[in-house]
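Below you'll find the structure, written out as structure tokens, and then a few comments.
The values are calculated or read from the model by the stated rules, or taken from the named source; none is laboratory data. Since this is a predicted model, take the numbers as computed values, not measurements. Note: ideal-geometry Cβ built from the backbone for every residue, glycine included; neighbour counts use all protein chains shown.
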Amino acid sequence: WARETGRPLFYVEWDVKNLNGANSKLGHTGANEQVLKPLSSLIVTGVDALVQQHDGFQISFRHGGDEFSSIVGGVSNGSAFDRSKPRTLTCALDGVVRQAKSYAQRSKLDEFEHPKHLGDDRYRGTGLSYGISEFRYHPTGWMPPEAMFTEADQRVERYAAARQDRRLQATPRQWRNP
């Protein structure tokens, strides 16, 4: 599609944070109803609103226990280096993450401890992280899909790690005990 139309095509990998904690607290059915369904709905509606504005498309699906993916076409993501080109897709994805955080706080899903990290606030609660990769041309040819998947997976891991670092820096405990 991207080769034929010349329009951008992105692969987005989403990770649901601490699904184990939600399963432990709510059971599998409860976690499905209170975590997976609402978060997947936020992903679909958040990305869909953007692609409709740009005459693009999206396909979102679950492909693992706590992983979802979106294929998004026709939406520009601008440039991280040129502020005159807005990062349209990234801004929309960040908005979905913020909505997920707000939903988790309202629903008290931000209080679940991670079963493997009891007492560690960096792993508490549920939410979303994402990694993004663009299908693009390289001097050796078009980027293979496997490379897109790997790039997005690495980026979702970096996003989650950065979020955990920010959470650690923002805990009141650290303010009291520098």
Exercise for the section: Could you identify the single residue in Arg167, Arg158, Arg173, Arg122 that is touching a strand residue (DSSP E or B) at 6+ places or on another chain (Cβ under 8 Å), modelled with pLDDT under 90 and assigned to a helix (DSSP H, G or I)? Expected result: Arg158
Problem - Selection from the range 1-42 of residues that are within 11 Å of Val72 (Cβ to Cβ) and either buried (at least 19 other Cβ atoms within 10 Å of the Cβ) or modelled with pLDDT of 90 or more (or both) - result: Pro8, Leu9, Phe10, Tyr11, Val12
Practice task
Kindly check whether there is at least one residue in the range 61-84 that is among the aromatic types (Phe, Trp, Tyr), modelled with pLDDT under 85 and either within 15 Å of the chain's Cα centre (by Cα) or part of a loop (DSSP other than H, G, I, E, B) (or both).
Solution key: yes
Fill in the blank from the handout: The helices (runs of 4 or more DSSP H) lying entirely within the range 1-54 that contain at least 2 residues which are without any contact (Cβ under 8 Å) to a residue 60 or more places away in the chain and within 18 Å of Tyr103 (Cα to Cα) are 19-31, 37-53
